[in-house]
Amino acid sequence: MVVDTKERELKIWHDLIEHESRRDVTPEHWHGELIGHASALYRLGVIDDGELRELLEFADGAYSSVVDRE
C-alpha cells in the first residue's frame, strides 16, 4: 500500500515537472507547486529526507533552466 502511494505520488510529481504549459506560463508558480508537493510527501512520510533533497534539487535545477531560457 505505501509503495503504491509512493509510486503514484512520485508519478504525479514527475508529471508536474514535465507539464509544459504550467512551466512556460507561470514558472514561479510551477516551481512552488513542485516544492510544495515534495514537502508534503516528506511531511506525510511518503519519502525520506534524501529523496526530498533530490526532488528539491531537481525542481530548482528545472526552474533555473526555464528562467535562463527567458
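At-a-glance table
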| quantity | calculated |
| --- | --- |
| Apportionment of accessible area to carbon and sulfur, segment 24-70, percent (1.4 Å) | 53 percent |
| For the chain: relative contact order, % (alpha-carbon pairs under 8 angstrom, 6 or more apart) | 34 percent |
| On Cα atoms only, tilt of 49-69 relative to the major axis of the chain in degrees | 10 degrees |
| Rg over Rh, two decimals, the chain (C-alpha only, Kirkwood Rh) | 0.99 |
| Accessible area (Å², per residue) of the chain, counting only protein heavy atoms and a probe of 1.4 Å | 67 Å² |
| 12 Å beta-carbon shell around Phe58, net charge (K/R +1, D/E -1) | -4 |
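The values are calculated or read from the model by the stated rules, or taken from the named source; none is laboratory data. Remember, it's a predicted structure, so these values are computed and weren't measured experimentally. Methodologically, a virtual Cβ is constructed for each residue, glycine included, from the backbone with ideal geometry; neighbour enumeration extends over all protein chains shown. Calculation scope for accessible area: heavy atoms of the full protein, side chains included, ligands and nucleic acids excluded. Shrake-Rupley method; radii C 1.70, N 1.55, O 1.52, S 1.80 Å.
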